[in-house]
């Protein structure tokens, strides 16, 4: 159902979808969810949501923490399709 709504919104309003690169960055640096949790203090659920293919929302501070730990810029964490 959500995919249908997203498709309709993107067709009607030209809304772009945001796709996460967090999983790929973590894998390339061999960083586990547990390791990121321990170092950053972020909750397991927060990291798992950010690693998902499409994310609806995330606080800027959370993105700053993730990017800082991963050694990249916030804008590298996601792509706009």
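The values are calculated or read from the model by the stated rules, or taken from the named source; none is laboratory data. Just so you know, these numbers come straight off a predicted model, no measurement behind them. Here Cβ is always computed from backbone atoms with ideal geometry, including for glycine, and neighbour counts include all displayed protein chains.
Cβ-Cβ distances below 8 Å connect no pair with a first residue in region 40-51 that is within 14 Å of residue 23 (Cα to Cα), a second residue that is at pLDDT 95 or above and in a loop (DSSP other than H, G, I, E, B), and a separation of six or more residues or different chains.
Can you name the number of the only condition in (1) touching a strand residue (DSSP E or B) at 6+ places or on another chain (Cβ under 7 Å); (2) modelled with pLDDT under 90; (3) outside any loop (DSSP other than H, G, I, E, B) that residue 16 fails? Answer for residue 16: the failing condition is (3).
Identify the residue in region 53-81 that is surrounded by 13 or more Cβ atoms within 10 Å (Cβ to Cβ) and in a loop (DSSP other than H, G, I, E, B) and, among all such residues, is modelled with the lowest pLDDT. Step by step, filter region 53-81, then rank; the result is 55.
The residues of region 36-47 that are assigned to a helix (DSSP H, G or I) and loosely packed, with under 14 Cβ neighbours inside 10 Å, listed by number, are 38, 39, 44, 45. The set of residues in region 21-35 that are outside any loop (DSSP other than H, G, I, E, B) and either in contact with a strand residue (DSSP E or B) (Cβ under 6 Å, 6 or more places away or on another chain) or farther than 18 Å from residue 78 by Cβ (or both) comprises 34, 35.
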